[in-house]
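So the structure is just underneath, and the comments pick up after that.
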């Protein structure tokens, strides 16, 4: 049997939270549960769920496989240039994180985006992380 020598997949979570009721926290726990390397991004926190929190996306190690966004559309819009610069293979704009203008601008600047729930995409449910 061959062993899997791939590096763990990586995800930056914009809007990661210390509040376990928030989806930015549930996403962090879900991806850790699935074996991903998780980089929480929140300029107001130093540690989230035992992981060092990064003040900005620019501070997160690269390369990134994914970015998952849990911010309001105006905040998301302001971060689109940084998201594009990060060059992740996929960026998930979770419910409530993007409106039509944000999605259109993301496409225009070349962000490989998905308007979908990042937790469900890995075969898990937010309800699994109370």
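The values are calculated or read from the model by the stated rules, or taken from the named source; none is laboratory data. Bear in mind that the values here come from a model prediction, so they are computed numbers and not experimental data. No Cβ is skipped: glycine too gets one built from the backbone with ideal geometry, and neighbour counts run over all protein chains shown.
Annotation: of all residues in region 108-121 being touching a residue at least 12 places away in the same chain (Cβ under 8 Å) and out of contact with any strand residue (DSSP E or B) (no Cβ under 9 Å at 6 or more places or on another chain), the one that is surrounded by the most Cβ atoms within 10 Å (Cβ to Cβ) is 109. Does region 18-37 contain at least one residue that is farther than 22 Å from residue 125 by Cβ, free of Cβ contacts under 8 Å to residues at least 24 places away in the same chain and over 14 Å from the mean Cα position of the chain (by Cα)? No, the conditions are met nowhere in region 18-37. The residue list 85, 105 contains one member that is assigned to a helix (DSSP H, G or I), without any contact (Cβ under 8 Å) to a residue 60 or more places away in the chain and touching a helix residue (DSSP H, G or I) at 6+ places or on another chain (Cβ under 7 Å), which is 105.
Of the set (1) in contact with a strand residue (DSSP E or B) (Cβ under 8 Å, 6 or more places away or on another chain); (2) crowded, with 22+ Cβ neighbours inside 10 Å, all apply to residue 30 but (1).
Answer yes or no: is there a residue in region 90-99 that is within 21 Å of residue 58 (Cα to Cα) and either surrounded by fewer than 18 Cβ atoms within 10 Å (Cβ to Cβ) or modelled with pLDDT under 95 (or both).
Yes.
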